[in-house]
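One structure is given below, encoded as structure tokens.
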Amino acid sequence: MNETPEKPTAAKKAAAKKAVTKKAAAKKAVAKKATAAAEQAPAKKRAANTAAAKKTATKKAATKTAATKTAVTKKTATAKTAAAKKTAAKTTTAKAPAKKAAARKPESRAAMVRRARRINRELAELYPYAHPELDFTNPFELLVATVLSAQTTDLRVNQTTPRLFAVCPTPEDMAAMDPQELEELIRPTGFFRAKTRSLLGLSAALRDRFGGEVPGRLEDLVTLPGVGRKTANVVLGNAFGVPGITVDTHFGRLARRFGWTTHQDADKVEADVAEIFPKSEWTMLSHRVVFHGRRVCHSRKPACGACAIAPLCPAYGEGETDPEKARKLLKYELGGQPGQRLKPPADYPGQPAPPMAAPVAAS
């Protein structure tokens, strides 16, 4: 007989239900986890973005800070460099005057006089042949040549006077000359119109007031047209043997460089120098100083490196100090060139100057 299958028991049903419930709970948990993950993803992304942004900002800030530091460092370095340069410039500026001040340290009047007289002795050894650099054979020729030497060289005067004295050898002859003819004779010396007036005036004064003779006193000479103390001292010292100091541009320049005077006015320079040297030295002192000024101690570029009295000179360094370069600056006999006189004294060691070239005839 067939047996009827037994219906599931209550226990089995409960187990099955429990399994279904567990499965549903698992699915629900998975779904909840997925939902939570989905919800958390944007937050994490935002957090990551925020962190990245913060990192970028921090990096930029660091870069900016580094750049600022670099700029500050550069600025500081530049400032330091500028300060250093400024300090160096100040130091250099301070050192130069200090050196100059050391060279020109204060000296007593007695020390200056001793130094000045030693310079004169040194110049006497250097130029034992010093002489007036104008050609002349008598006081009248020397007077005329000295008047003509204003604003020109002694060489130009020496090249001009032979023709002049051939035409008018005496004051009477010159006073009687036609002004235009005299102008043409002295034209090479420059300022010939003014010089013509002076020569005609002094010649007439010598003829009328002094019997055609050049006076041997300073007081008389300075009354002649075109004759001042410088010209008078040249004539007195070299034509009459009366001591005098000739203050021309060379003498005045060197007297100031040597520290003998601070004046520019010729009469004041003469007075200052006259107090330093004995009267017996005045004429030869003038020749020696003028010789040195023309040959070595030039106006624009003194040849300091070839100067025999450099150790005694407060102005040493104003010119070329390199010995080789300085030697190239020497003039006349010291530089192996002709002198200024066409007829120099017998003891002159250089060459005589050439006469003036004859004018080229018009074709």
About its Cα centre, what dipole magnitude does the range 106-255 give when the only charges are +1 on Lys and Arg Cβ and -1 on Asp and Glu Cβ, stated in debye to the nearest 20?
840 debye
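For 287, 292, 250, what's the largest-to-smallest order of accessible area, 1.4 Å probe? Before the final figure, lay out each step's value.
Working: 287 25, 292 0, 250 45 Å².
Listed by decreasing accessible area, they come as 250, 287, 292.
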Taking a 27 Å limit on the Cα-Cα distance, which of the listed pairs 230/279; 195/230; 230/301; 105/230 fall beyond it?
105/230
Please get the size of the charge dipole for the range 196-290, origin at its Cα centre, with Cβ charges of +1 on Lys and Arg and -1 on Asp and Glu, quoted in debye to the nearest 20.
240 debye
Work out how far the C-alpha atoms of the range 144-259 reach from end to end along every principal axis, then list the three figures in whole Å, largest first.
47, 30, 20
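Classify the range 189-240 from the C-alpha gyration tensor, please: rounded if a/c falls under 1.5, else prolate or oblate depending on whether a/b exceeds b/c. Working shown, then result.
Numbers: a/c = 2.13, a/b = 1.26, b/c = 1.70.
Taking the square roots of the gyration eigenvalues as a ≥ b ≥ c, the range 189-240 is oblate.
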Among 242, 305, 284, which residue has its Cα positioned farthest towards the positive end of the charge dipole of the range 197-350, with +1 placed on the Cβ of Lys and Arg, -1 on the Cβ of Asp and Glu, and the dipole taken about the Cα centre?
305
Reduced to Cα centres, the span from the range 293-332 to the range 193-254 in Å works out to 32 Å
Between residue 274 and residue 223, 0.36 nm times their residue separation minus their Cα-Cα distance comes to what?
16.1 nm
Computed E for residue 346/residue 300 - FRET, C-beta separation, R0 45 angstrom, nearest 0.05:
0.85
Rounded to the nearest 10 Å², the 1.4 Å probe accessible area of residue 107 is 80 Å²
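The values are calculated or read from the model by the stated rules, or taken from the named source; none is laboratory data. For clarity, every value in this text was computed on a predicted model and none was experimentally measured. In this analysis, Cβ positions are derived from the backbone assuming ideal geometry, glycine residues included, and neighbour counts consider all displayed protein chains. Areas reflect the complete protein model, heavy atoms only, side chains present, ligands, DNA and RNA absent. Shrake-Rupley method; radii C 1.70, N 1.55, O 1.52, S 1.80 Å.
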